[in-house]
1. Of these, A:Val78, A:Val65, which one is in contact with a Ser or Thr (Cβ under 9 Å, 6 or more places away or on another chain) and closer than 15 Å to B:Val98 by Cα?
2. Assuming B:Gly38 fulfils every condition listed in (1) under 13 Å from the mean Cα position of the chain (by Cα); (2) closer than 25 Å to B:Gly117 by Cβ apart from one, which condition is it?
3. Among the residues of segment A:35-51 satisfying the criterion of being touching a residue at least 24 places away in the same chain (Cβ under 8 Å) and more than 14 Å from chain B (Cβ to nearest Cβ), which is most open to solvent (accessible area, probe 1.4 Å)?
4. Output the residues belonging to segment B:87-110 that are among the charged types (D, E, K, R), outside any loop (DSSP other than H, G, I, E, B), open to solvent by less than 80 Å² (accessible area, probe 1.4 Å) and more than 22 Å from A:Gly67 (Cβ to Cβ).
5. What do you reckon, is B:Tyr115 at pLDDT 95 or above, hydroxyl-bearing (Ser, Thr, Tyr) and touching a Lys or Arg at 6+ places or on another chain (Cβ under 9 Å)?
6. Return the only residue of A:Phe20, A:Phe60 being part of a strand (DSSP E or B), farther than 30 Å from B:Asp37 by Cβ and open to solvent by 30 Å² or more (accessible area, probe 1.4 Å).
7. In segment B:23-34, what count of residues is obtained for those that are over 25 Å from B:Asp118 (Cβ atoms), open to solvent by less than 80 Å² (accessible area, probe 1.4 Å) and part of a helix (DSSP H, G or I)?
8. Looking at segment B:63-73 only, could you name the residues that are of a type in the set (A, V, I, L, M) and either assigned to a helix (DSSP H, G or I) or loosely packed, with under 13 Cβ neighbours inside 10 Å (or both)?
Number of protein chains: 2
Amino acid sequence: MSLQTLAKEFVNLCNQGKNFDVMRAMYAPDIVSVEGDGKETVGKEAVIKKSEDWAKGVDFHGEKVGGPFFNGPNQFAVTFALDVTRKGSGKRMTLEEVGVYTVKGDKITREQFFYDGDH
Amino acid sequence: MSLQTLAKEFVNLCNQGKNFDVMRAMYAPDIVSVEGDGKETVGKEAVIKKSEDWAKGVDFHGEKVGGPFFNGPNQFAVTFALDVTRKGSGKRMTLEEVGVYTVKGDKITREQFFYDGDH
């Protein structure tokens, strides 16, 4: 599968709300996930659990994913606009992020999330 | 200057169309600029000339720059929507890009542009 094919499938599935299907299908076993503060989580199961834990803290209304955009032979970027209500505060907000993904052998080996403030 | 201060100034100036002022003020002498196809240009003057050459091929109507978004101690990302008419074809279009910037010592040492297709 080409980088382009994988990245377009990534965006299509995320725009259908199938983010966890994407993680299970496309993450490499030894993926490294880097949050905005620089904290790294290593390994497919640990990274999926991180997202599951995050999702427990919000009511999720939907998302718009833009891109994919490409750089070099094995990286793509997408934009996320996540429409959520934080369960703690009850406040509804749109969280904007940029995700940068590195792909090797048809699997995502690294993801970096860029955002401003708490997410 | 903090990463946040530099990145916010970057976005403010670009949203005023002052992209070349940003390059002259914020690029490190040995900056590396990576285009979507992976091609690298090295050195502040060469990178500014690359942008000048690109700008000669378009009529520039304006741009919207989103962000900044942050990852770790020394990287930020922005989104670009460039409203241009290509001089060759006369076709007006919005070019969407993601830029990822690495900052060391108050200067941008690396930039990576992510996009889809010719730019």
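The values are calculated or read from the model by the stated rules, or taken from the named source; none is laboratory data. All of these numbers come straight from a predicted model, not from anything done at the bench. All Cβ positions, even for glycine, are placed from backbone atoms using ideal geometry, and neighbour counts span all protein chains on display. Just the protein is used for accessible areas: all its heavy atoms, side chains included, with ligands, DNA and RNA removed. Shrake-Rupley method; radii C 1.70, N 1.55, O 1.52, S 1.80 Å.
1. From the options A:Val78, A:Val65, the qualifying one is A:Val65.
2. (1)
3. Within segment A:35-51, the subset touching a residue at least 24 places away in the same chain (Cβ under 8 Å) is A:35-36, A:47-48, A:51.
Then drop every residue that is not more than 14 Å from chain B (Cβ to nearest Cβ), which leaves A:47-48, A:51.
Values: A:Val47: 0, A:Ile48: 9, A:Ser51: 29 Å².
Within segment A:35-51, the match that is most open to solvent (accessible area, probe 1.4 Å) is A:Ser51.
4. Start the filter on segment B:87-110 by keeping residues that are among the charged types (D, E, K, R), which leaves B:87, B:91-92, B:96-97, B:104, B:106-107, B:110.
Next cut, outside any loop (DSSP other than H, G, I, E, B) only: B:92, B:96-97, B:104, B:107, B:110.
Imposing the further condition that a residue be open to solvent by less than 80 Å² (accessible area, probe 1.4 Å) reduces the set to B:97, B:107.
Result: B:Lys107, single match.
5. no
6. On the way: A:Phe20 fails: part of a strand (DSSP E or B).
Being part of a strand (DSSP E or B), farther than 30 Å from B:Asp37 by Cβ and open to solvent by 30 Å² or more (accessible area, probe 1.4 Å) holds for just one of A:Phe20, A:Phe60, which is A:Phe60.
7. 2
8. Passing the criteria: none in range.
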